[in-house]
Every structure is written in C-alpha cells, then in structure tokens.
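The values are calculated or read from the model by the stated rules, or taken from the named source; none is laboratory data. What you are looking at is a predicted structure, and each value in this text was computed from that prediction instead of being measured. Positions of Cβ are backbone-derived with ideal geometry, glycine not excepted, and every protein chain shown enters the neighbour counts. Side chains are part of the model used for accessible areas, which takes the heavy atoms of the whole protein and leaves out ligands, DNA and RNA. Shrake-Rupley method; radii C 1.70, N 1.55, O 1.52, S 1.80 Å.
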Amino acid sequence: MSSNNPSQLLPSELIDRCIGSKIWVIMKGDKELVGTLRGFDVYVNMVLEDVTEYEITSEGRRITKLDQILLNGNNIAILVPGGSPPDE
Amino acid sequence: MSGAGEKGPATTKTPADFLKSIRGRPVVVKLNSGVDYRGILACLDGYMNIAMEQTEEYVNGQLKNKYGDAFIRGNNVLYISTSKRTLGEGA
C-alpha cells in the first residue's frame, strides 16, 4: 500500500545506499570497524574493503588494517553511514 | 586474469560473491574469541563453516599452534579476510 511513499524507507534500503562509500560498523562488545561497503545480504553480513579494525582492550586500542573482509552480521550493533573514525 | 574485476568500485560484491572469490586463497579468519587463524582456504559454505590448510593459530598476535588441516564451525567466525596485508605481526 505505502510502498511508493518516499517517506517510507526500509532499513535495508538505507544500507543499500551506502554501497561504495565508507561505513562505520559498531559491534557488540568493544570492537569497531571502518571500511568501504561493497555489499551485504539479508543477515547483514557485509563485504568491506580497506578496513580498519579497532579493538578496545584494557591496554588501549589495537588497530588492524585489512584488505577485504566478509564480516559476520551476527555481532553487528550499529551502522553509521559516512564512517567517521572512532577518534576525533 | 585471476582476481580481475575485484576492485571495480561501481560493482557491488555480496557475501555470496566474496565466498566464491576467495576459495584457494590465503586468508585470515578471526573468531569471536579474538583468536586469528591464517592459512589457505580449502573450502567454505554459506554458514561460514571453513576448512583451512597450513593453518597457523595466533593468540594476541603470537603464533601458538600450527595445524595441517583445520575445520572451523561457522558460528564462531567474526570475519574472513583476504590476507594481502602489510602489517607483519607475529613473523
């Protein structure tokens, strides 16, 4: 009925608009990733490119650079389009 | 010709595409526990169940174990990464 109402935007359509651009992924637990979104599926498993992984540990933050990853959607909490890094 | 067209910025690459593209390649698999497994990806499925060869187990970036063959159950997998990385930790 309201499928052609432009004010109705499915969450998955919002993510779809992020393909090709930077995205900031906040995981359950103390982990965050920033990378370029290449694609995703119904579980919001995501393919990310040129990824920076931030692990917050007791000794500080560990940063890992990754070329291309398939991220399991199971532990994803929040997606932020634009991908501002965790530090300002 | 191998790997051509993988970097096309206009093309989307779904998780299914990614799984198809990485078989036989060196990968890093990180589990939810934080443990890393590096090796050659033998095969995998849609659950992210993974069979690896020449597997090296890294705990806190330090090599702890080596396995000729390893099976990883998909529910433990945080991510699968192509390993073409410049960071040389745990050499």
Heavy-atom accessible surface of chain A: percent carbon and sulfur, 1.4 Å: 52 percent
Estimated buried accessible area (total), pair A and B, 1.4 Å, Å² to nearest 100: 2200 Å²
Mean Cα-pair separation over length for segment A:13-52, i.e. relative contact order, pairs under 8 Å, 6 or more apart, %: 32 percent
Taking segment A:6-81 and dividing mean pair separation by its residue count, relative contact order in percent (alpha carbons under 8 Å, at least six apart): 30 percent
Shape category assigned to chain A from the gyration tensor of Cα positions, a/c cut at 1.5: prolate
Average partner coverage of B:15-21, which counts Cβ from other chains inside 10 Å: 6
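Give the accessible surface of chain A per residue, rounded to a whole number of Å², with probe radius 1.4 Å and ligands, DNA and RNA excluded.
With all protein chains present, chain A gives 55 Å² per residue.
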